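The values are calculated or read from the model by the stated rules, or taken from the named source; none is laboratory data. From a predicted model like this one, the values you see are computed outputs, not experimental measurements. Every residue, glycine as well, gets a Cβ built from its backbone with ideal geometry; the counts of neighbours run over all protein chains shown. Heads up: the accessible areas ignore ligands, DNA and RNA and are worked out on the full protein's heavy atoms, side chains in. Shrake-Rupley method; radii C 1.70, N 1.55, O 1.52, S 1.80 Å.
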Amino acid sequence: MVKLPIYMDNHATTPVDPRVVEAMLPYFTTKFGNAASRNHSFGWEAEEAVDLARNQIAAIIGGKSKEIIFTSGATESDNLAIKGVVEFYKEKGNHIVTCVTEHKAVLDSCRTLERQGKATVTYLPVDKYGMVDPEDVRKAITDKTVLISIMYANNEIGTIHPVREIGKIAKEKGVIFHCDAVQAVGKIPVNAEADGIDLLAMSGHKIYGPKGVGALWVRSKGPRVRLTPIIDGGGHERGMRSGTLNVPGIVGFGKACEIARAEMAEEAVRLSGLRNRLQAGLFERLDEIYLNGHPTERLPGNLNLSFAYVEGESLLMGINDVAVSSGSACTSATLEPSYVIRALGIDEELAHSSIRFGLGRFNTEEDVDYVTERVTKEVRRLRDMSPLYEMAREGIDLKSVHWKAE
Ligand SMILES: *Cc1c(COP(=O)(O)O)cnc(C)c1O
């Protein structure tokens, strides 16, 4: 029997892997030292654990361990990268190139800098699959551009950007390239060096590690990237991020990276298999459903679908033993359709009917089959109540209907 409720929202967060929990536990109790305590064994023990984690985290992105700056999560990493570069290089220029489907941590950092008059920002569009065109990046660069910020893989539609091409352009033009790689790290191969990335943001809780811990990888050579810190204090993390290190969190984040690195290839095959099964099952059973995002260049566990004539929110409520996410919910109290889905150019109605399935390490085939049946049943039920669906099925072209406002 399938175990309910089913969690299928692994882009929002993931459960902590039991092996990660186990690695973390001693660092709450017997090994509680402050990694910055230089004069006793408690401190040394903590520092050693942090060093190991630094190695594990650097290894998963092909970086050096001394280039890892620990933060409270990827939101802080994105803030530090963007605000830190703009402040440090303000004599050189003030222009940022980013794209419309970035995470709010990136977009809002850019907006703040704009509002403060510290930067001008170009927000590049994406194509109907959510892909940014590297040539658009090239064309947007001016002699005032100090930063490109383009994500590795999108958290809603799973689309994987042509990061290596963007990295090449950044190098050619001598512009620093920040990449929010939260959804990519541990899911698909990422090599910051080979991809031409200069700053890379990642997060513990998206890869079966704990919440509240993340990192910013900062290139040390070719070129050495400099940052003005956004938090001042004891000068931890090479002066780039002060504050006592979250040792248990860091240990867990490191362990999560070690596991992901060892199991990623196999897990990606398994998850894309499950995802494809879910996708095929729903397309077989239901008409008028549409895939959002890129059909092939997409994260293994991601499936974002629009169910025409069904409100995403109503569908979510109808399947309350399955945790998935609608495009509308997460960012605001008002039910605005997701800006990411809107950026694909699909119409308002379909944008309102989008659902994100995020498959993860602990999902099974039984989960997928249950969700397939549950969603099918609920979509049919909601459509049976929809006069629009009825009309469409009778062959009435809804776009030609003149609705009378009274
Ligand atoms: C989750 C997420 C973030 C924010 O990470 P936190 O560690 O939760 O602050 C940033 N970018 C992307 C793409 C994400 O998916």
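Filtering the range 2-30 down to residues that are part of a loop (DSSP other than H, G, I, E, B) and within 13 Å of residue 321 (Cβ to Cβ), which residue is farthest from the ligand (Cβ to nearest atom)? Across the range 2-30, the extreme among qualifying residues is 2. Applying the criterion of being in a helix (DSSP H, G or I) and of a type outside the set (Val, Ile, Thr) to the residues of the range 167-190, the residue that is surrounded by the most Cβ atoms within 10 Å (Cβ to Cβ) is 170. Just one of the listed residues (258, 193) is in contact with a helix residue (DSSP H, G or I) (Cβ under 6 Å, 6 or more places away or on another chain), open to solvent by 60 Å² or more (accessible area, probe 1.4 Å) and either closer than 26 Å to residue 299 by Cβ or part of a loop (DSSP other than H, G, I, E, B) (or both), and it is 258. When residue 178 is tested against (1) more than 22 Å from residue 90 (Cα to Cα); (2) within 13 Å of the ligand (Cβ to nearest atom), only condition (1) is not met. Residues in the range 253-270 include none that are of a type in the set (Phe, Trp, Tyr) and assigned by TED's automatic domain parsing to the domain that holds residue 385. The residues on offer are 136, 78, and the sole one that is closer than 20 Å to residue 167 by Cβ, of a type outside the set (Val, Ile, Thr), within 16 Å of the ligand (Cβ to nearest atom) and assigned to a helix (DSSP H, G or I) is 78. Taken over the range 85-109, the residue count meeting the criterion of being of a type in the set (Gly, Ala, Ser) and either on the phi > 0 side of the Ramachandran plot or touching a Lys or Arg at 6+ places or on another chain (Cβ under 8 Å) (or both) is 2. Could you list all residues from the range 83-116 that are among the polar types (S, T, N, Q), surrounded by fewer than 24 Cβ atoms within 10 Å (Cβ to Cβ) and either outside the structural domain of residue 140 (by TED's automatic domain parsing) or part of a loop (DSSP other than H, G, I, E, B) (or both)? Across the range 83-116, the qualifying residues are 94, 116. Taken as a whole, the structure leaves residue 150 outside the set of residues that are open to solvent by 10 Å² or more (accessible area, probe 1.4 Å), modelled with pLDDT of 95 or more and closer than 28 Å to residue 295 by Cα.
Screening the range 200-221 for residues that are closer than 14 Å to residue 11 by Cα and within 8 Å of the ligand (Cβ to nearest atom) and picking the one that is surrounded by the most Cβ atoms within 10 Å (Cβ to Cβ) gives 204. Here is the figure for the range 264-323: residues that are in a helix (DSSP H, G or I), open to solvent by 80 Å² or more (accessible area, probe 1.4 Å) and among the polar types (S, T, N, Q) total 0. Restricting 142, 159, 122 to those that are in contact (Cβ under 8 Å) with a residue 60 or more places away in the chain and either more than 16 Å from the ligand (Cβ to nearest atom) or open to solvent by less than 20 Å² (accessible area, probe 1.4 Å) (or both) reduces the list to 159. Here residue 103 clears all of (1) within 16 Å of the ligand (Cβ to nearest atom); (2) in contact with a Gly (Cβ under 7 Å, 6 or more places away or on another chain) except the condition numbered (2).
Only a single criterion out of (1) more than 22 Å from the chain's Cα centre (by Cα); (2) within 16 Å of the ligand (Cβ to nearest atom) is not satisfied by residue 239, namely (2). Among the residues of the range 51-71, those that are part of a loop (DSSP other than H, G, I, E, B) and buried (at least 20 other Cβ atoms within 10 Å of the Cβ) comprise 61, 63. Those helices (runs of 4 or more DSSP H) of the range 348-406 in which 1 or more residues are loosely packed, with under 14 Cβ neighbours inside 10 Å and basic (Lys, Arg) occupy 365-384, 387-393.
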